[in-house]
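Below is one structure, written out as structure tokens, with a few remarks after it.
The values are calculated or read from the model by the stated rules, or taken from the named source; none is laboratory data. What you are looking at is a predicted structure, and each value in this text was computed from that prediction instead of being measured. Using ideal geometry, Cβ is built from the backbone for each residue, glycine included, and neighbour counts are taken over all protein chains shown. Surface areas here come from the heavy atoms of the whole protein model, side chains and all, with no ligands, DNA or RNA. Shrake-Rupley method; radii C 1.70, N 1.55, O 1.52, S 1.80 Å.
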Amino acid sequence: MDHSRQDGYVPPPQFRPSQTGSGAAALMPGPAAASEPPASPLTPPQLAWGEARGWVQALSVWTERIPGRGEDAEPFVAHHWESGQGLLAVFDGSGGAGAAPAWQAPDGTSRTSAWVGARTARLATECWLHDVTRDRQDVEPQSLHTYLKYFLDKAPQRHSKIGGTMRRQLPTTLAGVHYQVADGEAEVELRPLWAGDSRAYALLPESGLHVLTRDHTQESDALELLRSDPPMTNIVCADREFDIDTHHLVMRLPCVLVAATDGFFGYVHTPADFEDLLLRTLQQAGSAAEWAHLLRHQVESFTADDASLALLALNYRDFDDLRARFSRRLEQLSAQQSRGRPSALTAVPDPIAEPHDTAARIRAWQDQSWQVYRRDYESYLPHPPEELV
């Protein structure tokens, strides 16, 4: 299971029977972990993966709404032990804009432009990170953009005579966080990187979930985005110009970093429900791998889309320490969000209740919940471009 190179970079592993991974990079080389008994060679790769090495704990979850037809690429998680930096990222192939077929696999399976775009962006991001760590390059969005453009130009495409303002070649979102931790430091430098409407977050024991990216849509209010589905104004693709957005942050350790596609956060009742999902499954889990499997099970119970998530916990002693640090935050969040929550959201709906009245009560409660939750959630939200000086 050692995928190390001479330069210390850790590439995503090929699937092996002893792994339960979704294509995420193993956290090696690093502090030794207990060996696992070999599984049957016929064991298929799983869709939920978790691993711990020293002060780094990671997991990823990847699900398909329709088996075999998912357009999210597998989440990316990699840590470079020598330099104390790494990246987690997700990629959501945009099925509406990229629904046309782009490639046929050797077995005859047809893959859409969105499917190819998401996986090409993932490969480009992996190669970019490798070169950044090997050459000690600065983490700049323009360099990532260059890698994405190069790989997309080389990827298979089928050009159609049918055009349109919404059609794209190889369209995908990208949301990730590059992080840098120096030895002995109590802080981590973060560089969120994104295009589209997938998101990156920081999860802190004292203040909960903080969004680090601003959706590339005309609407940016997280609650309104749960009620509508506006088109994206910027997305990674092969045939149009696109931008990789970024900003720079410094946070105290320990902390948890998260990247997710909208299959995770776009089908909940309020933005706070996504944090509740993360913390409630954390408290039920006994390891990073179990946390990943619980998240997968939960998201499959409510989402109407493909869903992928990458998560990295930095500077916790072990999983018990991680879980204990967030227990009080879950209690506070549960008390806050249960206040006034309509019974229609927590129990079997009343068959004689007037639908219009029920919908009005739910909407009023959502507004109230968001008003209380919004300040902390948006405290690291980057300003919209027109507000920058």
Inside the range 60-153, counting only strands (runs of 3 or more DSSP E) that do not spill past its ends, which hold 3 or more residues that are surrounded by 23 or more Cβ atoms within 10 Å (Cβ to Cβ) and not basic (K, R)? 76-80, 85-90
For the list (1) in contact (Cβ under 8 Å) with a residue 24 or more places away in the chain; (2) open to solvent by 70 Å² or more (accessible area, probe 1.4 Å); (3) of a type in the set (D, E), I need the number of the one condition that D357 fails. (1)
For the structure I just gave you, tell me whether A175 is farther than 25 Å from D367 by Cβ and either of a type in the set (D, E) or open to solvent by less than 10 Å² (accessible area, probe 1.4 Å) (or both). yes
Which numbered condition in (1) out of contact with any helix residue (DSSP H, G or I) (no Cβ under 6 Å at 6 or more places or on another chain); (2) at pLDDT 95 or above is the only one that R168 fails? (2)
Considering every residue within the range 192-204, establish whether at least one is touching a residue at least 24 places away in the same chain (Cβ under 8 Å), part of a loop (DSSP other than H, G, I, E, B) and over 15 Å from the mean Cα position of the chain (by Cα). no
If we keep only residues of the range 364-386 that are open to solvent by 60 Å² or more (accessible area, probe 1.4 Å) and at pLDDT below 95, then the residue nearest to L212 (Cα to Cα) is H383
Subset of the range 329-354 that is surrounded by fewer than 12 Cβ atoms within 10 Å (Cβ to Cβ), within 17 Å of Y373 (Cβ to Cβ) and not charged (D, E, K, R) - its residue that is modelled with the highest pLDDT: A335
If you go through S94, S113, the only one that is in contact (Cβ under 8 Å) with a residue 60 or more places away in the chain and hydroxyl-bearing (S, T, Y) is S94
Identify, please: which residue in the range 205-237 is assigned to a strand (DSSP E or B) and at negative phi and is, among those, surrounded by the fewest Cβ atoms within 10 Å (Cβ to Cβ)? T217
Taking the range 113-145 and keeping residues polar (S, T, N, Q) and more than 22 Å from the chain's Cα centre (by Cα) leaves Q137
Which of the helices (runs of 4 or more DSSP H) found entirely inside the range 247-325 contain at least 2 residues meeting this: touching a strand residue (DSSP E or B) at 6+ places or on another chain (Cβ under 6 Å), buried (at least 21 other Cβ atoms within 10 Å of the Cβ) and modelled with pLDDT of 95 or more? 262-265, 288-302
Among the residues of the range 318-338, write down those that are of a type outside the set (S, T, N, Q) and touching a residue at least 12 places away in the same chain (Cβ under 8 Å). D318, F319, L322, R323, R325, F326, R328, R329, L330, L333
